[in-house]
């Protein structure tokens with residue numbers, strides 16, 4: 001992590017001199033203005049990162065600080081990314097509360113939406129509006145509920161940190177610029 005970044009802290013800050021949340025650090029690393037919603041980060045991933053940053057203790061927050069560089073450029077182009085991310089969070093919450101029918105219902109709804117979006121990957125103005133309405137309504141509520149359930153677990157810091165790391169990895173795998181690592185094959189007959 002480059003030096004000169006403000007110290008990590010909870011919630012939003014007015015100025016870098018007051019500290020920075022994980023997303024504000026990502027904005028600074030991306031060369032954006034000081035904001036917790038940088039342009040280079042998918043809005044749903046940014047919401048998860050803010051929620052995790054504000055929910056974990058200081059040691060876990062400091063351990064997540066290197067993720068700011070990866071969050072600075074994590075904007076997958078697939079429309080299905082947002083419901084898949086929320087479904088991932090709901091699935092993590094279901095491991096804490098396996099008998100929750102509401103979480104089960106939310107997870108199924110997110111996966112169905114992701115399947116529909118996979119079948120219609122292009123979004124005109126109507127599709128972008130539908131995506132925004134889903135996120136501002138049921139998507140946001142599902143993510144908030146999942147984070148609250150995870151935050152109440154005895155090992156909340158570990159669970160929330162792992163969820164955020166998985167979400168960032170999924171964003172980079174779904175990115176249009178992602179190149180899978182090439183595996184070396186053994187040479188035959190040499």
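Ordering of 158-170, 96-108, 16-28 by packing is 16-28, 158-170, 96-108, highest average first (other Cβ atoms within 10 Å, averaged per residue). Note on the range 16-71: percent of Cα-Cα distances in each 10 Å bin, starting at 0 and stopping at the bin with the largest distance, equals 27, 60, 13.
Protection proxy ranking, highest mean first, for peptides 62-72, 5-15, 46-56: 46-56, 62-72, 5-15, where packing is the per-residue count of other beta-carbon atoms within 10 Å, averaged. Against the compact-protein benchmark of 2.2 N^0.38 Å, the Cα-based radius of gyration of the range 67-141 scales to 1.19. In terms of its Cα atoms, the chain spans 58, 46, 39 Å along the principal axes, sorted from long to short. Spatially, the range 31-94 and the range 144-166 are offset by 13 Å when compared through their Cα centroids. Summed over qualifying helices (DSSP H, 4 residues or more, each -39500 (n - 2.57)) and divided by its residue number, the chain shows a 222 nm mean residue ellipticity of -18000 deg cm²/dmol.
Would you work out if the range 24-118 is rounded, prolate or oblate? Take a ≥ b ≥ c from the square roots of the eigenvalues of the alpha-carbon gyration tensor; rounded if a/c is under 1.5, else prolate when a/b is larger than b/c, oblate otherwise.
Note, shape of the range 24-118 comes out oblate.
Only the coordinates and a few stated rules stand behind these numbers; no lab work does. If you're wondering where the values come from, they're calculated on a predicted model, not measured in any experiment. A quick note on method: Cβ atoms are made from the backbone with ideal geometry, for glycine too, and the neighbour counts reach across all protein chains shown.
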